[in-house]
Structures are given as C-alpha cells and as structure tokens.
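**Student:** Here it is: the structure, laid out below.
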Amino acid sequence: MAERSEIEAFLCATTITTVDYLLNQSLSRAEAQKALHRLLELFEIAPVNRSVIEEALGSKVADFEDAVLEHAGRLAGAEAVVTRNTKDFRKASIKAIDPTALLSMIKERAAANKALEHDSESRAEGASSGAAQD
C-alpha cells in the first residue's frame, strides 16, 4: 500500500536499527543492507529526537519503547501506530491499529473509491450519450 502511495507510512528511526539487527542474524551484510534500502523506498522515517524522548518519558504508555513509537508518530503527523500489540497503546495519545484491521480499512477504502470512479464514469457516459441524442 505504501508502495502504491495508497497510504503514507513511517517507520520509527529506532525500528530501523532493530530491523537491521534482525536481518543480520539471517542474511549476509549485503543482503541486509539491500533490504534496508528497500524499506527506505517504501517508508518515511519518523525521527527520534530530544522532544520525542522527553514526551515519551512523560507518556501514559507504560513501556518506554512503545512510548517512543507513540511520540515519534505524533511528531511525524501519523494518524495511528500499526502494531500487533494494541493493548499496550490503550492510553496512548495516538490511535493503535492492528495490521489486519489496517489492511481491511485499506481494502474498504479502495472498494469505495472504485465504486465512486465507476459512478463518475457511468454519469459521464450517460451525459455524453444524452448530448449526442439532442
């Protein structure tokens, strides 16, 4: 979806280092770097700076790492954090969405957009055939 520009997606800067660590556990360094470059093509990076850390320290989210994700997302202007661990974000200042729920929302939006496009095309065809009959 981010690849087709259906959504604007971010990865937290701290997530990149975690992904790098995990990739290097099972891939060569060159393959891991190639995978990271691919991620950078798909995602913007939500920065982690002093204000994110300070906000995270005062967050109602108990887990500090989750609080950093919360505030990096807010700083980046994200509408939600996508996580399988939505329960830890119950007190967050940003919505948390399960990946499966996000995919469902995107599919519903795509279907609605397709229906609108079809309606517009049908009206345009009807208007041009009506004009030709005059």
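**Student:** If you keep only loop residues by DSSP, which chymotrypsin sites (Phe, Trp or Tyr not before Pro) in the range 1-81 have at most 14 other Cβ atoms within 10 Å of their Cβ?
**Tutor:** Details: sites: PHE10, TYR21, PHE43, PHE64; in loops: PHE43.
Within the range 1-81, no chymotrypsin sites (Phe, Trp or Tyr not before Pro) qualify (loop, at most 14 other Cβ atoms within 10 Å).
**Student:** Here's a follow-up. Would you be so kind as to identify which of SER104, ASN85, PRO47 lies farthest towards the positive end of the dipole of the range 1-108, taking Lys and Arg as +1 and Asp and Glu as -1 on Cβ and the Cα centre as origin?
**Tutor:** It is ASN85.
**Student:** While we're looking at this one, here's another question. Based on the Cα gyration tensor of the range 19-129, what are the three equivalent ellipsoid semi-axes, each the root of five times an eigenvalue, rounded to whole Å and given largest first?
**Tutor:** Details: eigenvalues 266, 100, 36 Å².
Gyration-tensor ellipsoid for the range 19-129: 36, 22, 13 Å.
**Student:** Something else: For THR17 and ASP63, calculate 0.36 nm times their separation in residues minus their Cα-Cα distance, and state this gained length in nm to one decimal.
**Tutor:** Numbers: separation 46, 0.36 × 46 = 16.56 nm, distance 1.83 nm.
The span from THR17 to ASP63 would gain 14.7 nm if fully extended.
**Student:** Can you give me the Rg/Rh ratio for the range 1-80, using Cα atoms for both radii and the Kirkwood formula for Rh? Please report the intermediate quantities before stating the final value.
**Tutor:** Details: Rg = 14.0 Å, Rh = 13.6 Å.
Rg/Rh: 1.03.
**Student:** May I ask you to list the lysines whose Cα is less than 17 Å away from that of LYS95, ignoring any residue fewer than eight positions away on the same chain?
**Tutor:** Straight-distance partners of LYS95: LYS60, LYS87.
Throughout, read-outs are computed from the coordinates displayed, never taken from laboratory work. Note that the coordinates shown come from a computational prediction; the quantities given were computed from them, not determined experimentally. Counting neighbours? That spans all protein chains shown, and the Cβs are built from the backbone with ideal geometry, glycine included.
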